[in-house]
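Below is one structure, written out as structure tokens; the observations come after it.
The values are calculated or read from the model by the stated rules, or taken from the named source; none is laboratory data. Values in this document were obtained by computation on a predicted structure and should not be read as measured data. With ideal geometry, Cβ positions are generated from the backbone for all residues, glycine too; neighbour counts draw on all protein chains shown.
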Amino acid sequence: MRYNSWGTAMDFQSAVRYIESLSIQGWRLGNARFEALLEQIGSPHLQYPCIHITGTNGKGSTTAMMSAILRAAGYRVGTYTSPHVFDIRERVVLDGEPISREAFTEGVAYLRPHIERLADTEHGLTTEFEIKTALAFWAFAQAQVDIAVLEVGVGGRMDATNVITPEASIIVSIGLDHQDRLGPTHRDIAYEKAGIIKSGRPVVSGAAHPDAIEMIARVAEARGAPLYRVIRAEPAGESLADGFVYTPLPSPTDSAVRVRRGDWELALQPALIGDYQRHNAACAAATATLLRERGYAIPDAAIEQGIREARLPGRLQVVAESPRVVLDGAHNPDAAAVLARAVPRLFKYQRLILVLGMLTPHEPADTLRHLLPLADSAVFTPIDNPRTHTAETLLQSAQEWIASKPTRAPRTLLIAANPQDAFQRALSLAEPDDLVLITGSFYLVGAWNT
């Protein structure tokens, strides 16, 4: 049992409940309040160097790879990611292991009186994401990490993580997501994500859309930040000035890649599966070489080892066999499109049974058009989250898509009362040689074993 400075008893479950109680504040973009909180607790985020990572898709995988590379190079590493899949402690990782329940509880107990004191000022109450981020900064300082790798929550410019001056920034990708917060176009979203670029610090960009490329280059130039693009090139002879080129290599995981810049090149075999991991691995490897130029001891062997050992739940994760059950948190159209291409390439199966749950403001039709053509059957479910789409809404969207595209549609469409019911319905439909794909949200994926 831990006590905060006001003498209130707190155990792990009460610490989690306290964090969740702040969800009524939602997401607030802007950092004046958060910076005030960090100042109250001694500015732990300034006590170690950081790597800062954003992107519409791929930022979680790239964060995991970057962290693993640094650990393989012998550094003590703190890693902050979101959302978690199975356990809230996944968000705050110390040297590859989730923060202990005891340290988690101690951190929340320490932060609570500061948060409540701040609530009585013009700043108001801290948000759920802010306390999670503050907990990570505090934990990394307590553990005396050599370096921290931080994944942005949403966007970049106004995100709570954007209170640091990183050693390097990574913008993995730019797609149309969170448009209600970040703006309607690739240019708008690129501007928000480019907010993590800091003066004089290198930035690696994997953006592919021309408007996003232009915006990121403009922000980097304005801030005097060296910009290094990462592009996929076939054939291998293509080159890129001031950047990195990667080409696919054959592999059973569909993720092996060769990365090169000038005379330097390195072949990598990610443990994470799927063609899109080639791009993420290239972004992480590129950043590692730039850190090396800044004085960090990161040999090629550490890059190879880190990429090979990095793991992350909920990304094409196989959790059962006969029938095979695959979890993937694809939650926007770009991620769904990549998933739809990856599944038939990576897995052999007779039929695919889709289990789908989604949150607003994502539009179901934009995701369903990629996934429904794969499915023999589909089960739709709400998620235990106030932003959930109802199963009926998902079903209606699927029926509307089928009416317009009747050539390839699931034979069976079902609704379930909750994720557990959906999983059971899908498993009851499946034969041993079938594949059950659970996707649409990390919150749904996280319900698999609850």
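Which residues, taken from segment 360-373, are surrounded by 14 or more Cβ atoms within 10 Å (Cβ to Cβ) and farther than 25 Å from Lys348 by Cβ?
Result: His362, Pro364, Ala365, Asp366.
Among the residues of segment 189-208, the ones that are more than 15 Å from Ala168 (Cβ to Cβ) and assigned to a loop (DSSP other than H, G, I, E, B) come to 2 in all.
Return a yes/no flag: does segment 324-331 have any residue that is of a type in the set (Gly, Ala, Ser), part of a loop (DSSP other than H, G, I, E, B), within 20 Å of Ile53 (Cα to Cα) and touching a Gly at 6+ places or on another chain (Cβ under 6 Å). Within segment 324-331, one or more residues are of a type in the set (Gly, Ala, Ser), part of a loop (DSSP other than H, G, I, E, B), within 20 Å of Ile53 (Cα to Cα) and touching a Gly at 6+ places or on another chain (Cβ under 6 Å).
Scanning segment 292-323 for residues being of a type in the set (Asp, Glu) and part of a loop (DSSP other than H, G, I, E, B) gives a total of 1. Evaluated against (1) more than 16 Å from the chain's Cα centre (by Cα); (2) surrounded by 18 or more Cβ atoms within 10 Å (Cβ to Cβ); (3) more than 30 Å from Pro386 (Cα to Cα), Arg308 falls short on exactly one condition, (2).
Could you tell me whether Ile353 is assigned to a strand (DSSP E or B) and under 28 Å from the mean Cα position of the chain (by Cα)?
It is true that Ile353 is assigned to a strand (DSSP E or B) and under 28 Å from the mean Cα position of the chain (by Cα).
Whenever a residue of segment 369-395 is assigned by TED's automatic domain parsing to the domain that holds Ala336 and over 14 Å from Phe423 (Cα atoms), its partners that are aromatic (Phe, Trp, Tyr) and at pLDDT 95 or above, lying with C-beta atoms within less than 9 angstrom and at least six residues away or across chains, give the pairs His389/Phe380; Thr390/Phe380; Glu392/Phe380; Thr393/Phe380; Leu394/Phe380; Leu395/Phe380.
Condition check ((1) under 19 Å from Gly153 (Cα atoms); (2) not aliphatic (A, V, I, L, M)) across all residues:
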| residue | (1), (2) |
| --- | --- |
| Glu90 | yes, yes |
| Val93 | yes, no |
| Arg101 | no, yes |
| Val108 | no, no |
| Ala119 | no, no |
| Thr127 | yes, yes |
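Among the residues of segment 32-82, count how many are within 15 Å of the chain's Cα centre (by Cα) and not in a helix (DSSP H, G or I). Of the residues in that region, 12 qualify.
Return yes or no: is Val154 surrounded by fewer than 20 Cβ atoms within 10 Å (Cβ to Cβ) and of a type in the set (A, V, I, L, M, F, W, C)? Criteria met by Val154.
Residue-level check: of (1) free of Cβ contacts under 8 Å to residues at least 60 places away in the same chain; (2) buried (at least 24 other Cβ atoms within 10 Å of the Cβ), Glu97 misses just (2).
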